[in-house]
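Chemist: Right, I'll just put the structure down here and ask away after.
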Amino acid sequence: MGKIHIDVEHLTRVEGHGNIVLNANSGKVENVQWQVPEAPRFFESFVRGRPWNELAHITSRICGICSIGHTLTSLKATEAAMGIETSEQTQLLRRLAIHGENTQSHILHVGYLIAPDLFRVGSVLPLIGTHPDAVLKVVKLHRLANEFSDLLCGRTTHPVSMAPGGFTWIPSEKDLRNMKMRWAEAVEVTNDVAEIVLANAGGLPSFSRETEYISLTSDDEYALYDGMIGSTDTGKHPVEGYLKITNEFVVPQSTAKYCKHARDSYMVGALARFNLNSRHLSPLAKHWAGKFHLKPINYNPFMNSVAQLVEFVHSVEDSIAIIDKLLAKGIDRRERPKVKPKAGRGVGAVDVPRGILFHDYTYDEKGICRKANCIIPTNQNHNNIQKDFEAFAPTLLDKPGKEIELNLEMLVRAYDPCISCSTHYLKVKLVH
Amino acid sequence: MKPKVAIFDFASCEGCELQIVNLEEAIIDVAKLVDIVEFREAMKESSDDYDIAIVEGSIARPIDEERLKKIRAKAKILIALGACAHLGGVQRLGNRFSPDENKKEVYHMARPEDISDGNPYFKEPRHRALDEVVKVDYTIPGCPINRVEFAKVLVALLTGKKPPIPDYPVCVECKKKENTCLYTVGGVCMGPVARGGCDAICPTYGGECEACRGYVSHPHEKAQMDVLAKYGLTAEEIMNRKTMFTSRYTEKKGGE
Ligand code: SF4
Ligand code: SF4
Ligand code: SF4
């Protein structure tokens, strides 16, 4: 066997910029590296000096796909810092907003970004010709999830109706009832899409590596909006102590920070949530987990996409239940947040589509931000991607170069990283 | 021959590209008019051969400048997509501090040599708009862009018409929707000087306009004078009050 050099610069179909480098010689991996060269944007530095009511709007721009999650985490951090209470209505509407983001993000990832790998094509575009029916079903679900998010946040990407303490605009009972009906009708399409993925799930590599999983966790529900930090290795921890969990460090090949906790690396995201919280899934979500033979603890990172699909189903069912609850109580559309800024420090945590997210702000007495820390899910996963590479790459070496490359790319995509990044350019050199 | 379109991203949240994906079926219609040869967020293919380059994101480091210049050299038409490309994005607020101070604040746990200017990934990051580095032919403003406007601009370009970007203040659209003016409830809104075309989405949902689409072309003349007069304000005053997206216009060279 000869020399293999793979350099997948600017991985496609991930939200952000990442490079893969693999060097192998005579059947041995000499070096395999995951690099994140995107330009640093310094959010934690430049929010210093900005007022409390700007923070959620600014940090929302950390990620376009997770903008609802960043907004909510930011609001929770500000509320914790200033001791701001929120109403039950606000909390229920925010839970719906998370389901809105989870559904749109997960279907985008599974339907538009992972499906092309299963069918061995470069994007969803060729599938429009070969599998028009399936593509239209995915499009239908994606559109519905976006409209659901629009209804709750004013706008799916970078919400405009949310503020510390509550909402500046609240949907009507009629619109919510209508949305509930549409989700109820969409259950059938959801089942169809899950069937299609199941029929093609054989295309997911069977690879597994034991690691630690971290997500929010709660005794009462499938934790997304609230809970404690949970680890498959070390149990429960308070959110305020997040720095003891994340332990950020910097590697020169990456402008994104890396994290580790009880082991070399840990994983966050849908699979982590499933591994910690599956007992709280909705009935239909449990049914689909069973069909895919997904059981906790599952150590195959490629199953993250399946966990996303299972969560999609959960979000649909739970949204219907939450809307019922809101309607039974009646909606107060005139409720508005009242905030008096004050000095303090607060930490917010939400489990967003790609995993657990932390924002931590310190404000002065005028409500001006003086210190900030944001730890995003993708950064928590980088180190786990690197460790997976080291275990996965050696098993691939007898495959053709194109297949090695595809498998490594698929591994990164399984994590659904949102490394906000550029062009893609790909070099494969096989030397015999 | 259909014109070839390539979509590139620099420092950004990729939310503007997401609006293109969110065109859903309409993207299939767009694909009938043009050949999308590169779109990293959504496809594996890439190409060095394109007529129109659509570029999202701000330009920070020398390696980013270089890449943008290469794209410019190949493209017949270059379009700036969204506020990051148009104005430098929210990340431009970082230019209030020196690159070293930003690095120290965010990467305090790093070994100094790993994040020094000797590492090209960390070299001299200062966020700028595309037109501060290369010539830009058209701009689609917004954070994020309005996807309907995106489709209209593309169609106009392909049919040889001037892309329709409005040049009136957000107040015009806000008044049409009969919203309660935020100045009556103690808010501060950039609507009178901000460029419209977003259907005044923020005030409509009770949020203050931050002028993510930039200012109208001559804010001192084209501002919404009646609103300013009613609340005893000048264009100058409100332009200095809010800078989330507009620090490009107020930024002092070499930091504050
Ligand atoms: S302009 Fe706004 S939405 Fe678009 S890429 Fe930049 S931050 Fe994201
Ligand atoms: S100032 Fe703002 S709220 Fe008032 S009319 Fe103009 S856009 Fe609307
Ligand atoms: S209202 Fe202002 S901030 Fe909001 S989208 Fe329009 S221009 Fe941007």
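The values are calculated or read from the model by the stated rules, or taken from the named source; none is laboratory data. Predicted model, so just to flag it, every value in this text is computed and none were measured. Methodologically, a virtual Cβ is constructed for each residue, glycine included, from the backbone with ideal geometry; neighbour enumeration extends over all protein chains shown.
Chemist: Restricting segment B:222-236 to residues that are under 23 Å from the mean Cα position of the chain (by Cα) and in a helix (DSSP H, G or I), which is farthest from ligand 2 (Cβ to nearest atom)?
Modeler: Ranking the qualifying residues of segment B:222-236, first place goes to B:Glu236.
For (1) in contact (Cβ under 8 Å) with a residue 40 or more places away in the chain; (2) touching a strand residue (DSSP E or B) at 6+ places or on another chain (Cβ under 9 Å); (3) among the β-branched types (Val, Ile, Thr), each residue gets a yes or a no:
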{"position": "B:Val155", "(1), (2), (3)": "yes, no, yes"}
{"position": "B:Lys161", "(1), (2), (3)": "no, no, no"}
{"position": "B:Pro166", "(1), (2), (3)": "no, yes, no"}
{"position": "B:Pro169", "(1), (2), (3)": "yes, yes, no"}
{"position": "B:Lys176", "(1), (2), (3)": "no, no, no"}
{"position": "B:Gly187", "(1), (2), (3)": "no, no, no"}
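Chemist: Okay, moving on. Taking only segment B:197-210 into account, find how many residues are more than 9 Å from ligand 2 (Cβ to nearest atom), out of contact with any Leu (no Cβ under 9 Å at 6 or more places or on another chain) and not charged (D, E, K, R).
Modeler: Result for segment B:197-210: 4.
Chemist: Test B:Arg147 against the stated conditions and say whether it is more than 8 Å from ligand 2 (Cβ to nearest atom), within 14 Å of another protein chain (Cβ to nearest Cβ), in contact (Cβ under 8 Å) with a residue 12 or more places away in the chain and on the phi < 0 side of the Ramachandran plot.
Modeler: So B:Arg147 passes the test.
Chemist: To continue, here is another question. Only one residue in A:Ile65, A:Ile58, A:Ile20 is at the interface with chain B (Cβ under 8 Å from one of its Cβ atoms) and over 27 Å from B:Asp100 (Cβ atoms). Which one?
Modeler: A:Ile65
Chemist: Sticking with this one: Here's a check for you: in segment B:31-61, which residue that is over 22 Å from B:Val153 (Cα atoms) and in contact with a Lys or Arg (Cβ under 6 Å, 6 or more places away or on another chain) is modelled with the highest pLDDT?
Modeler: Only one residue fits best here, namely B:Ile59.
Chemist: Within segment B:155-182, how many residues are of a type outside the set (Lys, Arg) and within 14 Å of ligand 3 (Cβ to nearest atom)?
Modeler: Number satisfying all stated conditions: 13.
Chemist: For A:Ser149, indicate whether it is under 30 Å from A:Leu204 (Cβ atoms), assigned by TED's automatic domain parsing to the domain that holds A:Thr78 and in contact with a Pro (Cβ under 6 Å, 6 or more places away or on another chain).
Modeler: No.
Chemist: So, one more: Mind checking which residues of segment A:295-310 are surrounded by fewer than 20 Cβ atoms within 10 Å (Cβ to Cβ) and either under 18 Å from A:Ala115 (Cβ atoms) or of a type outside the set (Val, Ile, Thr) (or both)?
Modeler: Of everything in segment A:295-310, those that are surrounded by fewer than 20 Cβ atoms within 10 Å (Cβ to Cβ) and either under 18 Å from A:Ala115 (Cβ atoms) or of a type outside the set (Val, Ile, Thr) (or both) turn out to be A:Lys295, A:Pro296, A:Tyr299, A:Asn300.
Chemist: Let me ask something else. Could you please let me know if B:Lys135 is away from ligand 1 (no atom under 16 Å from the Cβ) and more than 14 Å from chain A (Cβ to nearest Cβ)?
Modeler: Spelling it out, B:Lys135 is indeed away from ligand 1 (no atom under 16 Å from the Cβ) and more than 14 Å from chain A (Cβ to nearest Cβ).
Chemist: Please indicate, with yes or no, whether at least one residue in segment B:204-219 is near ligand 3 (Cβ under 10 Å from one of its atoms) and without any contact (Cβ under 8 Å) to a residue 24 or more places away in the chain.
Modeler: yes
Chemist: With the requirement that a residue be in contact (Cβ under 8 Å) with a residue 40 or more places away in the chain and either in a helix (DSSP H, G or I) or out of contact with any Lys or Arg (no Cβ under 8 Å at 6 or more places or on another chain) (or both), what does segment A:152-161 give you?
Modeler: A:Leu152, A:Cys153, A:Thr156, A:Thr157, A:Pro159
Chemist: Collect the residues in segment B:187-215 that are closer than 25 Å to A:Glu335 by Cα and either away from chain A (no Cβ under 12 Å) or among the acidic types (Asp, Glu) (or both), keeping them in residue-number order.
Modeler: Once the filter is applied, which keeps residues that are closer than 25 Å to A:Glu335 by Cα and either away from chain A (no Cβ under 12 Å) or among the acidic types (Asp, Glu) (or both), segment B:187-215 yields B:Cys189, B:Met190, B:Gly191, B:Asp199, B:Glu208, B:Glu210.
Chemist: Here is a further query. What is the one condition in (1) more than 16 Å from ligand 1 (Cβ to nearest atom); (2) surrounded by 18 or more Cβ atoms within 10 Å (Cβ to Cβ) that A:Ser149 does not satisfy?
Modeler: Here A:Ser149 meets the rest and fails (1).
Chemist: Could I ask something else about it? Within segment B:180-228, track down each residue that is of a type in the set (Gly, Ala, Ser) and away from ligand 1 (no atom under 16 Å from the Cβ).
Modeler: Listed by number, the residues that qualify are B:Gly186, B:Gly187, B:Gly191, B:Gly196, B:Ala200, B:Gly206, B:Ser217, B:Ala223.
Chemist: For segment B:152-166, state whether one or more residues are assigned to a loop (DSSP other than H, G, I, E, B), within 16 Å of ligand 1 (Cβ to nearest atom), at pLDDT 95 or above and touching a helix residue (DSSP H, G or I) at 6+ places or on another chain (Cβ under 8 Å).
Modeler: Within segment B:152-166 (the criterion being assigned to a loop (DSSP other than H, G, I, E, B), within 16 Å of ligand 1 (Cβ to nearest atom), at pLDDT 95 or above and touching a helix residue (DSSP H, G or I) at 6+ places or on another chain (Cβ under 8 Å)), the answer is no, since none of the residues qualifies.
Chemist: Here's a follow-up. Scan segment B:120-149 for residues that are crowded, with 18+ Cβ neighbours inside 10 Å and part of a helix (DSSP H, G or I) and jot them down.
Modeler: Passing the criteria: B:Tyr121, B:Phe122, B:Leu130, B:Arg147, B:Glu149.
Chemist: Here are some residues: B:Pro164, B:Pro169. Which one is away from ligand 2 (no atom under 16 Å from the Cβ) and either within 15 Å of the chain's Cα centre (by Cα) or more than 12 Å from chain A (Cβ to nearest Cβ) (or both)?
Modeler: Just one listed residue meets the conditions, B:Pro164.
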